[in-house]
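Report on the structure given below.
Since every read-out is calculated from the coordinates, none of them should be taken as a lab result. Here the structure is a predicted model, which is why all the values come from computation and not from measurement. Heads up, the Cβs are rebuilt from the backbone with ideal geometry, glycines too, and the neighbour counts pull from every protein chain shown.
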Amino acid sequence: MDHDRLFKELLTTFFTEFLQLFFPELAAYLDADSVEFLDKELFTDVTQGDRHEADLVVRARFRGQKLCFLIHVENQARPQPHFPRRMFGYFARLHEKYDLPVYPIAVFSYDTPRRPEPSTYRVDFPDLAVLAFQFRVVQLNRLVWRDFLDRTNPIAAALMAKMYMEPAERARVKLACLRMLAQLQLDPARRELISGFVDAYLSLTMEQERELESELQRIQPQEREAVMEIVTSWMKKGREQGERTLVLRQLRKRLGALDRSSEEQIEALPPDAVERLGEALLDFSRSDDLQAWLQAHG
């Protein structure tokens, strides 16, 4: 699963809602209409010899002022030693490049460990405190999903799926996410983004699916219908993706490894075209046959 892409897409789409949910003080002095997402920033860690890409860098204005500042949001999908030092490195380079104040935020999205993560990077000498760099932290595995049930916020609807829950609560949490999503009345694209996020991180066993269905029957018919519309959309998308995956597997078995361009074209095909490709591939013997079919049906 591409955790970074999922979180970046979610936070980019619902950035102001993210701030309103977790950092209301910041949201209060941010001019929401001035938010501008900057191009990706690549940094080289000279101590480790690695290259890193900052997840999300936003330029915005203080409300009622012309002065701008940056907000850097870094999603961390796995524990990492020396993470506070890396956050400081990002801060220093962004501050130097743009000559603007930087508000740093880290989102810890892994399930374990649940120990509190540090939010400070310090450089001290016996006689001098050189640096005390601080950054904001959202540690999802230390947040309890029940505490967000009354927040009608698209970020809450998505991120409850990554908050702390008991194993026996998975079906209940998924239903809570769905009910909040149904209340939000978002456009189809945004609703699909959140529902896809929830489904990716809250997959259920057959027994849990039956529990979800049982819980669904207990809610009001009108609300149940709205929730079932989302569930039906999941099921349809899952079937379509399954068909696409099967066609790709069959093509690789018949023709060998596919080039990236062909795979991207197949991923972009509408469902009916994928079905036709599944029938046509039985007559393919060379990769040229696939290319000719894609050119004719692309």
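Laid out as a table, the results:
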| read-out | value |
| --- | --- |
| Among Tyr121, Phe62, Ala92 the positive-end extreme of the charge dipole of segment 1-142 (Cβ point charges) | Tyr121 |
| Calculated FRET value between Arg5 and Met206, using beta carbons and R₀ = 35 Å, to 0.05 | 0.75 |
| Where N is the number of residues in segment 144-240, Cα Rg divided by 2.2 N^0.38 Å | 0.98 |
| Segment 185-298 - Rg over Rh from alpha carbon coordinates, Kirkwood radius | 1.11 |
| Rounded tilt (10° steps) of 170-184 against the dominant C-alpha axis of the chain | 80 |
| Relative contact order [Cα under 8 Å, 6+ residues apart], the chain, whole percent | 10 |
| J(HN,Hα) series, segment 81-98, from Karplus relation 6.51 cos²θ - 1.76 cosθ + 1.60, nearest Hz, glycine and proline x | x, 6, 4, x, 5, 5, 4, 5, x, 4, 4, 4, 6, 5, 4, 5, 5, 9 |
| The chain: angle of helix 271-280 to the longest principal axis, Cα-based, in degrees nearest 10 | 50 |
| In nm, spacing of pseudo-spin labels at Arg224 and Glu243 (7 Å Cα→C-beta vector) | 3.0 |
| Exceeding the 31 Å Cα-Cα cut-off - candidates Lys66/Lys174; Lys40/Lys66; Lys174/Lys253; Lys97/Lys174; Lys40/Lys253 | Lys66/Lys174; Lys174/Lys253; Lys97/Lys174; Lys40/Lys253 |
